[in-house]
1. With all distinct Cα pairs included, what does the Kirkwood hydrodynamic radius of the stretch 79-195 come out to in Å, to one decimal, could you say?
2. Order of 140, 34 from fewest to most other C-beta atoms within 10 Å?
3. For residue 100 and residue 25, calculate 0.36 nm times their separation in residues minus their Cα-Cα distance, and state this gained length in nm to one decimal.
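Read-outs throughout are calculated quantities, based only on the coordinates presented, and are distinct from any laboratory measurement. Because the structure is predicted, anything quoted here is derived from the model rather than measured. As a convention, Cβ positions derive from the backbone with ideal geometry for all residues, glycine included, and neighbour counts pool all protein chains shown.
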Amino acid sequence: MVAPAPDSRPAPTDLELRQERYRAYRHAHHADRLATRRRLLRWAIRLGTGAFSLALLLPALALRTLTREVQEVTAGDTLVYASGDQAGLPVAVAALAPGTAVQAFPEGKSGNERNLIEVVRLAAELPTGLVAYSAICTHLGCTVMPQLSAQGYIACPCHGSMFDPAAAAAVVHGPANRPLPALPIAVSSDGVVRAAGGFAGPVGPL
Ligand code: FES
């Protein structure tokens, strides 16, 4: 067996040892500083992204709130035909024959489809013979039919729910399990139908 050759390198001097230790310290310190910088950079990016998202979100939320406020049906709104030849014209009570219905929007608020209203002329007598409800089905939110069914009910074409307009739009056939919310209305001196308030309950499915 061959004995290992003796280390012929000269032993490091005191100065060299101190320089070596200093280099090691500098290296460790530099690595620490780099890690700290990376952490700060990551936080700065997160904060920047958050601030940017907030800057986009806040105006959108403000606009949405404003739009909702402006578009909800309220007392005094004139009801206008939602579709057909007379779309946009006021609904005159004289044009509604007993046993018929029309769909209407509050004037200037048709941008919010949840404002769609089913106006039903139950009978010639006023005001009891005229009622109005949300035209958005409480089951899954389809628009109900503008015409009454053969039995005089408000019918939803999606899954067959039926609501009785003469009984506060109670459900007479499911799957809906909640009546259509009522809209208080009044007929003004010129014979035009107007809203006398907002919907009595939440519109569409809960
Ligand atoms: Fe009207 Fe389903 S959405 S019955």
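1. Working: mean 1/r = 0.0715 Å⁻¹.
Here the Kirkwood hydrodynamic radius works out to 14.0 Å.
2. 34, 140
3. Working: separation 75, 0.36 × 75 = 27.00 nm, distance 9.13 nm.
Computed gain between residue 100 and residue 25 is 17.9 nm.
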